[in-house]
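Please read the structure below before turning to the comments.
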Amino acid sequence: MSHLDWIMLVLILSLLVLLWWRLQHRPLFLLPLAGLTVLLCLTQLFLEGLRWFLLPIDSISVLTLVFVALQAFLLPRFRLPAPTGPYAVGTMTRYWVDTTRENRELMVQFWYPAQASSSAPLACYMQHAQVLGNAFGVPGFFFRHLNYLPTQALCQVALAPDQSTYPILLFSHGLGGVRTQNTFQCQELASHGYIVVAVDHSHYAADIVFPDGRASPFSLEKLGMTPEMMKQVNRDPAVFAAYMRAIEQALPVVAGDQRFVLDQLAQLHHHDPEHLLTGRLDLHHIGAFGHSQGGATVWHLCSIDPRCKAALNLDEPALGSIEQRGSSRPIFFLGSTNKVSFPDPQVQALAQDMITGTLDRAFAASTGEGYRMELTQSGHFNFSDAPLILPRTLGRVPTLLGAVGVRGLSVPCQPPPVSARTMPRARWFPAGIVCRAHWLLSRLSETSTVSREQHYHQTTAGERGALAARFLSLTYFSFA
């Protein structure tokens, strides 16, 4: 064998090892290495001609390059945008069991303003990311790299000493979601002085892995649905109506999770066994935000639990009792403009009433402050980390990821308030909704002087620029 043969053999063996490792860690240098191997194959073919015993090596090189390139394009490696607030961010997880509700088990994650530490390890995006494969119907190894993707949050560090207590925000995911799906938003809020608490809702999350290794997958049966019914939900009005009733009937359960978390937080404020949160929780200033069904969950929570002072709904209709009774608490809706269309006209009519009619009725019945905005060219998953995680090809499905998720739209997050202008762009920043969540703290203040706003809906593109600027000028964090 020539020297070039030996070099090729070493590169191929390295590629095979790294290809297996890539499924776990997704190293950035594998793609250039695969390209180099293919280049050497072509060079050898040009210099020495075709030799049959090198065909397997050449084939493996080409297939590896194609596989790695496709994976890099469809499921790109990414880093979350760095938090912009003055605090470092800490994170930790807790396992709790609600014995009053049939021993319902919950995994809960905290993000909080923390003391900076050069020795504390960075938390990874997820601990069992392979469970996302169940949610999207693909092999779990496609998402396994998220287990090794570092965030900006430090593990188990002490709270920042600047304030004696910090206000609390609860986060609720939607059906088939996970507690970490809005990590960029949770980290950003924590860097500005919030303690953010996200819950994995058992049986309604994509999948949950408990500390002892047991898994709690998403369960259609808990919704009273079957796979056969889900195949007809877009075509059969009766099945669609049953599906929406099932989601509404789940609201007391998932809102009950959040109420249990509030009870646990009160106990931690009194005594935290891990000595991180004792005496550090501002239990008088609690808000909530959620995506998809989680948005309806937090609205429902704040309508039944006086401990919740304000709620931000990210792209979900007004479901449950709030549709008819409204809310006496401040509520905000931020939604997408790219709505789903259904093949059956009766289902389309039901969906239209669900999307806009329920919101109209909820805001009309509300006695508290109400805000309503839609983000131009956005899809349902733009209000999460999905523009970074999911295949880029989904950007061609505007109801999932609108153009805002492909091009990247952001808004200024720092004072002073902006004047009326269009919102500037920032590279692939997901949906630009972090600053909208700043609304929550201004609503948590009992002395707020912001007057009740008009309910905005379907404004023109030109009006949205001025509206967004006005909205931001009214809703910065109280410490900004």
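The values are calculated or read from the model by the stated rules, or taken from the named source; none is laboratory data. All values reported here derive from a predicted model rather than from experimental measurement. Every residue, glycine as well, gets a Cβ built from its backbone with ideal geometry; the counts of neighbours run over all protein chains shown.
List, please: which pairs have Cβ atoms under 6 Å, are six or more places apart or on different chains, and start with a residue in region 160-174 that is more than 27 Å from Gln293 (Cβ to Cβ) and end with one that is of a type in the set (Gly, Ala, Ser) and not in a strand (DSSP E or B)?
That search, which allows pairs on different chains as well, returns Tyr166/Gly193.
Taking region 165-214 as the region of interest, how many residues are in a helix (DSSP H, G or I) and touching a Pro at 6+ places or on another chain (Cβ under 9 Å)?
The number of residues fulfilling the criteria is 7.
If the Cβ limit is 9 Å and pairs must be 6+ apart or interchain, which residue in region 248-260 that is more than 13 Å from Ala288 (Cβ to Cβ) and not assigned by TED's automatic domain parsing to the domain that holds His291 pairs with which residue that is modelled with pLDDT under 95 and in a helix (DSSP H, G or I)?
From residues that are more than 13 Å from Ala288 (Cβ to Cβ) and not assigned by TED's automatic domain parsing to the domain that holds His291, there are no pairs.
Does at least one position in region 207-215 carry a residue that is within 27 Å of Gly287 (Cβ to Cβ) and buried (at least 17 other Cβ atoms within 10 Å of the Cβ)?
Looking for residues that are within 27 Å of Gly287 (Cβ to Cβ) and buried (at least 17 other Cβ atoms within 10 Å of the Cβ), one finds at least one in region 207-215, hence yes.
Whether any residue in region 157-164 is surrounded by 20 or more Cβ atoms within 10 Å (Cβ to Cβ) and assigned to a loop (DSSP other than H, G, I, E, B) is what I want to check.
Yes, that holds for at least one residue.
Picking from Val138, Val131, Val108, which residue would you name as being surrounded by 20 or more Cβ atoms within 10 Å (Cβ to Cβ) and at pLDDT below 80?
Within the list Val138, Val131, Val108, the selection yields Val131.
Whether any residue in region 290-298 is of a type in the set (A, V, I, L, M, F, W, C), more than 30 Å from Ala158 (Cβ to Cβ) and modelled with pLDDT of 95 or more is what I want to check.
There is at least one residue in region 290-298 that is of a type in the set (A, V, I, L, M, F, W, C), more than 30 Å from Ala158 (Cβ to Cβ) and modelled with pLDDT of 95 or more.
Return the only residue of Val138, Val131, Val108 being of a type in the set (A, V, I, L, M), under 18 Å from Ala386 (Cβ atoms) and in contact (Cβ under 8 Å) with a residue 40 or more places away in the chain.
Val131
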